[in-house]
Amino acid sequence: MTQGMTTYAALLRGINVGGSRKVPMAELRTLMEGLGYDGVSTYLQSGNAVFSSGHGDEDTLAAELSGALEKHFGFTVDVLVRDHAYLRAVLDACPFPAADLEAKQLHATYFSEPVAAERFASIDQQAFLPEEFRLGNRVLYLYAPDGLGRSKLAENLSKPRMTKGVIATTRNWNTVTKLVELTSG
């Protein structure tokens with residue numbers, strides 16, 4: 001990596017799900033390289049890309065990539081960009097015993113900005129046990145022992161009134177861990 005470069009993960013929200021909003025990873029890599037990003041690679045088909053850049057900050061890079069995606073594919077794609085230090089801090093601050101859980105039981109929802117606990121005050125956490133969530137720095141940790149697809153708590157957390165005004169995108173713990181590894185330089 002060239003001096004002055006920072007390695008980031010780009011998290012694209014809501015692409016390649018159920019046959020709609022298709023963004024082929026090879027096209028995404030080419031598009032990102034065209035923006036001048038270095039070392040572009042993708043992880044899985046669900047909108048995770050790693051790249052290095054010497055210009056901009058997370059929000060500027062996210063807006064730049066989102067705009068390029070809309071121009072190229074013809075639909076809006078919400079993008080979050082996070083650097084290695086942030087991704088590592090999310091991993092390290094996990095309030096659940098990640099090492100003792102299956103990756104499908106633990107998820108992180110990344111937010112575009114800090115969210116206050118009051119946003120989720122209407123959710124009776126006791127009613128969803130053993131499922132639980134905790135807030136961190138621009139992230140919500142979700143423990144769903146039966147997986148995300150069966151989680152009633154996840155269903156409630158993702159309602160529009162809970163995410164109004166912020167970009168929110170969720171990754172399972174395998175992806176959380178892998179993105180830390182891929183951005184470590």
Inset, instruction - Please give the residues of segment 13-49, grouped as numeric ranges, whose backbone N is less than 13 Å from a label point set 7 Å along the Cα-to-Cβ vector of K71. - result: 31-36
Legend entry - Residue-span extension gain [R29 to D92] - 0.36 nm each, minus C-alpha spacing: 19.8 nm
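Would you mind getting the accessible area per residue of the chain, heavy atoms of the protein chains only, 1.4 Å probe, in Å²? Please list the in-between numbers first.
Values: 9260 Å² over 185 residues.
On a per-residue basis, the chain sits at 50 Å².
Using a 1.4 Å probe on the protein heavy atoms, what percent of the accessible area of segment 72-137 belongs to carbon and sulfur? Provide the component values of the computation, followed by the final result.
On the way: 1700 of 3400 Å².
Here it works out to 50 percent.
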Inset, instruction - Please find, in a Gaussian network model of the chain (springs between Cα atoms separated by less than 10 Å), the residue of N48, N172, N16 whose mean-square fluctuation is greatest. - result: N16
Inset, instruction - Mind sorting out which of (i) 19.6, 71; (ii) 16.4, 51; (iii) 25.0, 95 is the real Rg and Dmax of the Cα atoms in Å computed from the coordinates? - result: (ii)
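Given axes a ≥ b ≥ c from the Cα gyration tensor, I'd like to know whether segment 1-96 is rounded (a/c under 1.5), prolate (a/b larger than b/c) or oblate. It would help to have the intermediate numbers written out before the result.
On the way: a/c = 1.86, a/b = 1.21, b/c = 1.54.
Here segment 1-96 falls in the oblate category.
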Inset, instruction - Would you rank D83, D146, D100 by solvent-accessible area, highest first, keeping every protein chain in place and using a 1.4 Å probe? - result: D100, D146, D83
Inset, instruction - Please calculate the 1.4 Å probe accessible area of S112, with all protein chains present, and give it to the nearest 10 Å². - result: 30
Legend entry - Whole-Hz couplings from phi, Karplus 6.51/-1.76/1.60, listed for segment 66-71; x for Gly and Pro: 4, x, 5, 5, 5, 4
Inset, instruction - Arrange the residues K71, K152 by how much accessible surface each exposes, largest first, with a 1.4 angstrom probe. - result: K71, K152
Inset, instruction - Report the residues of segment 100-114 in range of a label on N174: point 7 Å along Cα→C-beta, backbone N strictly under 18 Å from it. - result: 100-109
Inset, instruction - For K71, list the lysines whose Cα falls under 20 Å from its own Cα; do not include residues on the same chain fewer than 8 positions away. - result: K22
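The values are calculated or read from the model by the stated rules, or taken from the named source; none is laboratory data. Model, not experiment: these values are computed from the prediction. Please note: Cβ atoms are built from the backbone with ideal geometry, for glycine as well, and neighbour counts cover all protein chains shown. Each accessible area value is taken on the protein alone, full model and side chains, heavy atoms only, with ligands, DNA and RNA left out. Shrake-Rupley method; radii C 1.70, N 1.55, O 1.52, S 1.80 Å.
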